[in-house]
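The block underneath contains the structure these notes are about, expressed in structure tokens.
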Amino acid sequence: MKYLTEYRDPVLARRLLAELTATATRSWRIMEVCGGQTHTLVRQGIDELLPAGIRMIHGPGCPVCVTPLETLDRAMAIAARPRTVLASFGDMLRVPGSTTDLLSLRARGADVRVVYTPMDAVRLAAELPDRDVVFLAVGFETTAPANAMAVLHAERLGLTNFFVLVSHVLVPPAMTALLDDPDCEVQAFLAAGHVCTVMGWRQYEPIAARYRVPIVVTGFEPLDLLEGVLMAVRQLESGRHSVENQYARAVRRSGNTVAQDAISRVFRVTDRAWRGIGTLPASGLELAEPYARFDAAGRFDVTGLHPAEDPECIAGAVLTGAALPTDCTAYGTRCTPRTPLGAPMVSTEGTCAAFHSAGRTRSETPSPTRRTP
């Protein structure tokens with residue numbers, strides 16, 4: 001397929017691996033932030049082909065995985081109400097809440113519908129004026145513009161039955177939280193290309209300067225990731241710490257200013273809970289005051305839920321790179337994609353799901369170079 005196979009060329013991949021081997025003179029630990037990048041690394045076996053000493057640390061860049069447990073429980077409490085439609089992207093339906101998931105709730109009669117865009121939820125609200133329609137708005141900066149446009153469109157239509165349950169999270173605060181951890185092992189980052197397509201990379205420049213870590217904006221295909229790792233290693237070997245752009249075919253430094261304007265108009269920055277990690281200051285988005293009437297949490301009074309995580313699930317350690325999925329005692333037995341204990345096993349971008357689909361098996365002895373949960 002044109003413009004896809006070019007980034008999966010095995011000859012070029014071998015050349016990049018050879019150049020990495022020639023460039024790296026010591027051990028380096030690099031975190032890929034995005035769950036989509038994690039799946040490519042694991043599915044293609046790239047993490048196991050890298051030169052000895054270069055270790056990839058899988059980061060918290062799966063938006064489904066970091067959606068907090070209380071948000072899922074709020075969504076299910078709303079979906080269980082009469083004359084209410086809960087609209088969501090399909091990847092959220094099997095993510096476990098504290099007692100069940102949205103797919104099981106739909107099987108018991110709740111009106112839970114899969115949509116492909118937030119505009120589909122707006123259309124549902126227009127078509128069903130006697131029903132409340134709630135869109136589960138999750139994701140990083142990547143999905144925020146479309147969700148903002150849905151709110152603006154609902155306002156233009158004068159809809160009074162459309163609401164959003166917002167659980168947007170922001171990448172830079174998560175990176176700084178990781179780097180502020182005294183046990184952090186990350187020496188460089190591969191930044192998520194799709195987030196930077198929207199936001200650009202200017203917001204990463206202060207992080208690179210303050211923490212003296214290279215940050216490389218990287219795509220999602222095998223050659224993208226190999227080149228991104230090589231660019232990071234070159235910086236590490238030379239003692240540099242700047243932001244570089246491997247994903248030049250899609251990302252500009254300034255990003256998409258139209259999308260940014262929509263985000264800043266509809267949302268404001270707030271503290272946000274991350275599943276398995278905790279609350280990070282200024283790490284999320286909520287509806288700005290002029291659009292507060294679209295807030296589903298306030299409309300349906302579901303703000304008082306504080307469920308507890310499954311004590312056996314180590315999702316937090318996996319999401320922060322402190323543990324591998326195969327370090328978990330439940331991995332592949334009590335926790336599988338069909339019976340997940342945590343979101344990283346069921347999400348299409350989850351690290352545990354990536355390991356499981358690639359056939360990675362649990363080691364009886366966790367790696368001595370990695371912190372155990």
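Against the longest principal axis of the chain, how steep is helix 118-127, in degrees 0 to 90 to the nearest 10, with axes from Cα atoms?
Taking Cα atoms only, the helix is inclined about 10 degrees.
Please work out the average accessible area per residue across the stretch 197-351, using the 1.4 Å probe convention, and give it in Å².
Normalised by residue count, the accessible surface of the stretch 197-351 is 43 Å².
Whole angstrom only: what separates the Cα centroid of the stretch 127-170 from the Cα centroid of the stretch 201-269?
28
Working from Cα positions, state the angle (0 to 90°, nearest 10) between the long axis of helix 10-23 and the longest principal axis of the chain.
The angle comes out near 60 degrees.
Compactness ratio of the stretch 259-342: Cα Rg over 2.2 N^0.38 Å, N = residue count?
That works out to 1.45 for the stretch 259-342.
Given the Cα-Cα distance of A282 and E312 and 0.36 nm per residue of separation, how much length would full extension add, in nm?
That pair, A282 and E312, stretches by 7.9 nm at full extension.
Using mean Cβ contacts within 10 Å as the protection proxy, how do 163-175, 255-267 order, highest first?
163-175, 255-267
According to a simple spin-label model (label point 7 Å from Cα along Cα-to-Cβ), what is the distance in nm between S27 and L103?
With each label point 7 Å from Cα toward Cβ, the separation is 3.9 nm.
Keeping the other protein chains in place, figure out the carbon and sulfur percent of the accessible area of the stretch 218-348, with a 1.4 Å probe.
51
Sorting check: for 156-162, 87-93, which peptide has the highest mean count of neighbouring beta carbons within 10 Å, and how do the rest follow? Don't skip to the answer; put the middle values down first.
Details: 156-162: 14.9, 87-93: 20.3.
Final packing ranking: 87-93, 156-162.
How long is the gain from S357 to E237 if the chain were fully straight, where each residue apart is worth 0.36 nm and the alpha carbon distance is subtracted?
39.8 nm
Once both labels are modelled 7 Å past Cα along the beta-carbon direction, what's the L12-R156 spacing in nm?
3.9
Rounded to the nearest 500, what is the 222 nm mean residue ellipticity of the chain from helices alone, with -39500 (n - 2.57) per DSSP H run of 4+ residues and division by all residues? Numbers along the way, then the final one.
Details: 16 runs with 139 residues, N = 373.
Result for the chain: -10500 deg cm²/dmol, rounded to the nearest 500.
To the nearest 20 debye, what is the magnitude of the charge dipole of the stretch 42-183 about its Cα centre, counting +1 on the Cβ of each Lys and Arg and -1 on the Cβ of each Asp and Glu? Let's see the in-between values first.
Working: 12 positive and 16 negative charges, 120 e Å.
Computed about the Cα centre, the dipole is about 580 debye.
Each label point is 7 Å from the Cα along the Cα-to-Cβ direction; what then is the distance between the points at T270 and M119, in nm?
Roughly 2.7 nm, to one decimal.
Kindly work out what percent of the DSSP beta bridges joining two residues of the chain are antiparallel, to the nearest 5.
If we restrict to bridges inside the chain, about 20 percent are antiparallel.
How charged is the neighbourhood of M345? Take every other residue with its Cβ under 14 Å from the Cβ of M345, and add Lys/Arg as +1 and Asp/Glu as -1.
Combined, the nearby Lys, Arg, Asp and Glu give -1.
Rounded to a whole number, what % of the accessible area of the stretch 46-186 do carbon and sulfur atoms account for, probe 1.4 Å?
C and S atoms contribute 53 percent here.
Given T218, T160, V195, which one lies farthest toward the positive end of the charge dipole of the stretch 147-270, if we put +1 on the Cβ of every Lys and Arg and -1 on the Cβ of every Asp and Glu?
Of the candidates, T160 comes out farthest on the positive side.
In degrees, nearest 10, range 0 to 90: what is the angle between the Cα axis of helix 69-79 and the longest Cα principal axis of the chain?
Around 30 degrees separate the two axes.
Quick one: which residues, 5 or more positions from L165 or on another chain, have an amide H under 5 Å from its amide H? H modelled 1.01 Å from N in the peptide plane, none for Pro or chain starts.
Under 5 Å from the amide H of L165 lie the amide H atoms of F135, L136, A137, A296, each far enough along the sequence or on another chain.
For the chain, just give the cysteines left without a disulfide-compatible partner, judged by no other Cys Cβ under 4.7 Å.
C34, C184, C196, C313, C328, C335, C352
The values are calculated or read from the model by the stated rules, or taken from the named source; none is laboratory data. This is a predicted model, so every value here is computed, not measured. Methodologically, a virtual Cβ is constructed for each residue, glycine included, from the backbone with ideal geometry; neighbour enumeration extends over all protein chains shown. What goes into the accessible areas is simple: the full protein's heavy atoms, side chains included, and nothing from ligands, DNA or RNA. Shrake-Rupley method; radii C 1.70, N 1.55, O 1.52, S 1.80 Å.
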